[in-house]
Structure formats: C-alpha cells, structure tokens
Amino acid sequence: EPEVTQTPSHQVTQMGQEVILRCVPISNHLYFYWYRQILGQKVEFLVSFYNNEISEKSEIFDDQFSVERPDGSNFTLKIRSTKLEDSAMYFCASRPANYGYTFGSGTRLTVV
Amino acid sequence: QQQVKQSPQSLIVQKGGISIINCAYENTAFDYFPWYQQFPGKGPALLIAIRPDVSEKKEGRFTISFNKSAKQFSLHIMDSQPGDSATYFCAASTRMYAGGTSYGKLTFGQGTILTVHP
C-alpha cells in the first residue's frame with residue numbers, strides 16, 4: 001500500500017536554529033498538508049498546498065514557517081528560527097481528488 | 001465555530017464490550033466526518049468516515065452514527081479487542097474543491113484514549 005514517508009523521525013535542534021522537515025507524499029496525490037500535534041493534545045492544521053501554492057494556512061503558520069515542493073516529489077516544511085513551543089510531532093499528509101487522507105508517521109521535533 | 005468537541009477523554013472497556021466515543025460540532029458547513037485511529041509513534045490512520053446525507057455507516061466492527069439536527073456523531077466499536085487500544089480522533093471538514101473556501105482542512109477533536117482490557 002502506498003505510504004507517505006517522513007524524515008527524519010526525530011530531530012533535536014537548538015532554539016533559534018532553522019529546521020527542515022521532509023516528506024515524500026504519495027505520487028498521484030494532488031493535495032498536501034502539514035499538521036502538528038503537541039504532546040498529549042489534538043492534531044492541528046498548519047497548511048495545505050495545492051497546484052504548487054499554499055491554498056490555506058492556520059494562524060499557527062506565521063512568517064517563521066514556509067513550505068516547498070521543490071522537485072515534484074518532496075514536500076518540505078521549514079521553520080526559520082525555532083522556538084521552544086515549536087516542539088511537537090509534525091505530520092505530513094496527502095490525498096487525491098476525493099476525501100481520503102494518508103498521513104505519514106511524523107517527525108518528532110524537540111527544540112532545546 | 002470551527003471546533004469539534006470530543007468525549008470522553010479516556011475510556012476503559014473489557015474485551016468484547018462496546019466502546020462509544022462522541023463528537024459534536026458547530027459549523028454547519030462541515031460535510032465530511034472521519035474517524036482516525038492513532039497508535040503511539042504513528043500518524044493518524046483513517047478508520048471510517050461519513051457524509052451528512054446518511055445517518056449511519058458500518059464497516060466491520062466499526063459504526064458511525066450521525067445526527068445532523070443535533071450536530072453530533074459518534075463511533076461505536078463492537079466486540080472491542082485489546083488490539084483496538086489506541087487514541088481515536090474524530091474530525092470534520094468542509095467540501096474540498098478548487099475554488100471553494102476549504103482545500104480539505106481537517107478540524108480534529110481532542111482525542112479519546114481507548115484501553116481495552118483482556
């Protein structure tokens with residue numbers, strides 16, 4: 001069964017550093033997403049990406065965040081200057097034209 | 001108005017019992033209601049989903065009941081098994097199409113930790 005692949009599975013970074021979280025969505029999917037889950041809390045929407053541009057973003061997704069789909073296969077989330085409160089599990093997801101999402105296994109980001 | 005409220009926060013049932021998790025929403029524009037199952041260290045996995053034109057959907061041991069007038073929906077797990085022990089999230093979304101107001105953003109409930117004792 002096709003999977004959404006995320007790397008790395010765990011990243012530790014110092015406050016103020018830039019991080020790039022990487023995702024390989026399912027190849028024939030059209031819509032791409034990043035969500036995050038702070039430990040013990042609900043999953044929160046960050047951003048959706050369609051037709052090579054951001055289609056929707058949440059209030060969490062401020063100027064410190066950016067997304068790219070540089071080569072037609074990878075989908076990245078960049079956090080420019082990490083803060084302690086950015087520590088969370090970040091999930092990439094993709095879906096085809098119908099409703100079905102597939103989530104990756106996530107990247108646990110720890111900011112120290 | 002975008003919130004989805006889920007209860008209970010945690011649930012313990014015996015093997016073979018019925019697990020029931022409830023969700024309520026406010027936004028009447030929501031028209032897709034999935035349930036996700038999440039095991040520790042993994043991403044949410046779609047379990048079952050319903051659209052508001054039906055009141056019930058069943059897949060194996062999992063059933064969604066949907067009450068449009070009350071703006072509530074629930075997940076029933078029949079014959080619960082220890083392997084069902086996981087966190088369950090309800091979610092909701094508005095119609096996903098280009099040019100619409102939403103590109104499929106999911107609004108999640110707070111999650112329910114289900115423990116099924118053998």
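Placing pseudo-labels 7 Å out from each Cα toward the beta carbon at A:His10 and B:Lys15 gives an inter-label distance of 3.1 nm.
Working note: Cα atoms of the protein assembly as shown, range along each principal axis, descending, whole Å: 48, 41, 35.
Using the Cα coordinates of the stretch A:61-109, the gyration tensor eigenvalues translate into equivalent-ellipsoid semi-axes of 22, 14, 10 Å, sorted from longest to shortest. Rg over Rh for chain B works out to 0.98, using Cα positions for both radii and the Kirkwood form for Rh. Just checking the listed ones, B:Gly83, B:Gly43, B:Gly60: in the Gaussian network model of chain B with Cα springs under 10 Å, the one fluctuating most is B:Gly60.
Please give me, ordered by residue number, the trypsin sites (Lys or Arg not before Pro) of the stretch B:17-118 that lie in loop per DSSP and have at most 10 other Cβ atoms within 10 Å. The qualifying sites: there are none.
Pairs to check: A:Lys42/B:Lys105; A:Lys57/A:Lys78; A:Lys57/B:Lys57; B:Lys5/B:Lys58; B:Lys15/B:Lys57; A:Lys57/B:Lys58. Give those whose C-alpha atoms are more than 25 Å from each other in this structure.
With Cα atoms farther than 25 Å apart: A:Lys57/B:Lys57; A:Lys57/B:Lys58.
Ordering A:Asp62, B:Asp79, B:Asp84 by the number of other Cβ atoms within 10 Å of each residue's own Cβ, fewest first, gives A:Asp62, B:Asp79, B:Asp84. The loop-placed GluC sites (Glu not before Pro) in the stretch A:10-112, going by DSSP, that have at most 11 neighbouring Cβ atoms within 10 Å of their Cβ come out as A:Glu18, A:Glu59. Exposure proxy for A:His10, A:His29: other Cβ atoms within 10 Å of each Cβ, ordered fewest to most, give A:His10, A:His29.
For the stretch B:1-105, which chymotrypsin sites (Phe, Trp or Tyr not before Pro) pass both filters: DSSP loop (anything but H, G, I, E, B) and at most 14 other C-beta atoms within 10 Å?
Sites meeting the loop and neighbour criteria: B:Tyr97.
A cut-off under 14 angstrom between Cβ atoms defines the neighbours of B:Trp35, and their net charge, with Lys, Arg +1 and Asp, Glu -1, is +2.
Tell me the net charge near B:Glu59. Cut-off is 15 Å between Cβ atoms, B:Glu59 excluded, with +1 for each Lys or Arg and -1 for each Asp or Glu. Intermediate values should be presented prior to the final figure.
Details: positive: B:Arg51, B:Lys57, B:Lys58, B:Arg61; negative: B:Glu56, B:Asp79, B:Asp84.
Residues near B:Glu59 contribute +1 overall.
A simple count of charges around B:Asp84, restricted to other residues whose Cβ falls under 15 Å of its Cβ and scoring Lys, Arg +1 and Asp, Glu -1, yields +1.
A short reminder: the numbers here are calculations on the coordinates, not readings from a lab. What you see is a predicted model; the values in this text were computed from it and never measured. Quick reminder, even Gly has a Cβ in these numbers, built from the backbone with ideal geometry, and neighbours come from all protein chains shown.
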